[in-house]
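Laboratory data are not the source of any read-out in this text; all were calculated from the coordinates shown. Just so it is clear, the model here is predicted, and its values are computed rather than measured. Note that we place each Cβ from the backbone using ideal geometry, even for glycine, and neighbour counts take in every protein chain shown.
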Amino acid sequence: MHPYLLAASPSVNVSLNGLKSPSSALVIVIALTLLSVAPSLLVLMTGFTRIFIVLGLTRNALGLQAIPPNQVLAGIAMFLSLFIMAPVLSQIDHGAVQPYLHGTITATQAITRAEDPLRSWMLRQTDQGDLTLFTSEAHQSTRALSLLPMTTVVPAFVLSQLQSAFVIGFIIFIPFMVIDLVVASVLMSMGMFMLPPTLVSLPFKILLFVLVSGWSLVIHSLITSFH
C-alpha cells in the first residue's frame, strides 16, 4: 500500500473491554434531552413538590397572597431539593455518569445504576399504604422493593409527598388560625363589625412569624421531614 494512503487511513481504537467513551455529539444530545425533561424529573422524583406546597401553605396561612412571589418559592424549593438530594446525586454521578463518560459501562448499565440509589431514596420517603396501592393495582409484590419499576415507585412517591405536605401545612396553619380567632373575638366584643378581622390580624401574624424566625423553622422542619 502506498505510504500516503497508509498515513491517511483512519485509525480505530478499541478498548480492552470492548467499550469506548461516548462521542461529544452523543453527550450533547443526552444533556439536551435531560434539560428538556428536567422540570418533570425535579417535580416528580425529588422533594420539590412537598417543599413548594408547604411554602405556599405558609404564605396562605400568613394571609399574604403574592408575597413572596411564586418565583421565589420555586427557587427556594429547587435549591432545597438539590441540597436534600445531594448525597443521591453524588452516588448517581460516581456510579453511573462518570463510568459511562469514561466508557467503562454501557448506556443501559448506566441507567440501571442511576435508578438504584434514586429508587432507594424515593422508597424511604414513600408511605407503605401508598406503595401497596399501586403495587396491588399492578399485581406486583412488595417483597423485593429493589426490583419495583419506576412506573410504580414514582406515583406512590408523589402521592406520599402530597400527603406529607398537607400534614405539615395543617400544623403550620394552627397558630395563625388562633390569632385570627382571637382578633375576630376582640373586634366583635368592641362592636367593630365593619373592620375585617384579617386586616387587623395580619400585622400580628407577621410579627409573630418574624419573632420566632418562622422561615427558618419551616425550612428546618422540611429538611428533617425527609428520612
Flag if PHE79 is touching a residue at least 60 places away in the same chain (Cβ under 8 Å), assigned to a helix (DSSP H, G or I) and either of a type in the set (Val, Ile, Thr) or within 22 Å of LEU222 (Cβ to Cβ) (or both):
no
Count of the range 120-148 residues which are among the acidic types (Asp, Glu), closer than 19 Å to THR46 by Cβ and assigned to a helix (DSSP H, G or I):
1
Looking only at the range 53-76, and only at residues there that are among the hydrophobic types (A, V, I, L, M, F, W, C), outside any helix (DSSP H, G or I) and under 17 Å from VAL210 (Cβ atoms), the one that is farthest from the chain's Cα centre (by Cα)
LEU64
For the range 110-132, which residues satisfy the criterion of being over 22 Å from SER81 (Cβ atoms) and either within 20 Å of the chain's Cα centre (by Cα) or surrounded by 15 or more Cβ atoms within 10 Å (Cβ to Cβ) (or both)?
ALA110, GLN128
